[in-house]
Amino acid sequence: MPPTHATLSGPSGWIARWSHLIAPGATVLDVACGNGRHLHWFAERGCAVTGVDIDTRAAAQAVPTAHLVQADIENGPWPLRQASGEPTQFDVVVVTNYLWRPLMPTLLASLAPGGLLLYETFAAGNETVGRPARPDFLLQAHELLHMCSGLHTVAYENGFLDAPARFVQRIAAVNFFTPGAHNGAPTRYAL
């Protein structure tokens, strides 16, 4: 049975921690949205949420107001494109517990100027404590940081977490603004 609002687990601690960087009304894309816990989190904060997953039934029940796209993003074309063929851009792109390396350029192209990427997934070492254990699904040392080298990194972590035991990499990174957008003053990202 799909989860309801009452049975949804809360957001990832990483997502909750960096949500203050997101303006009310922002457009949020949750990739591999699963049961919709992050869609629900951002919808409750006044964001326009879009989720993509191979199965969107649970997310549809959890967040009826979400724009959901059912698609096999590993074996088919990226379903969120503009008329020009370029990926649709969002103010925020969220990815948790999912890794499909060939999709990373599309995810980065889906960030609007000034957009925020919140990404958290399993890393090498996780095979010693549980699943996933295949190298295809585990980021190698600093791999996520390298993938996001064209963004402004606000925060990055690579290590081990308890409860449940897992190795992760996670990043909060911003797609650079146009130079001079803030009269030459650096943007302040509150930590």
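The values are calculated or read from the model by the stated rules, or taken from the named source; none is laboratory data. Computed from a prediction, not measured in an experiment: that's the story for all the values here. Heads up, the Cβs are rebuilt from the backbone with ideal geometry, glycines too, and the neighbour counts pull from every protein chain shown.
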Subset of segment 23-51, residues hydrophobic (A, V, I, L, M, F, W, C), closer than 18 Å to Ala173 by Cα and modelled with pLDDT of 95 or more, comes to Ala26, Val28, Leu29, Val31, Phe42
Expected output for segment 120-141 (first residue aliphatic (A, V, I, L, M), partner surrounded by fewer than 17 Cβ atoms within 10 Å (Cβ to Cβ), Cβ below 6 Å, 6+ apart or cross-chain) is Ala124/Gln140; Val129/Ala165; Ala133/Glu127; Leu138/Ala124
Requiring at least 2 residues that are crowded, with 20+ Cβ neighbours inside 10 Å, the strands (runs of 3 or more DSSP E) wholly within segment 1-74 are 27-31, 48-53
Just one listed residue, out of Thr56, Thr106, is farther than 25 Å from Gly150 by Cβ and of a type in the set (Ser, Thr, Tyr), and it is Thr56
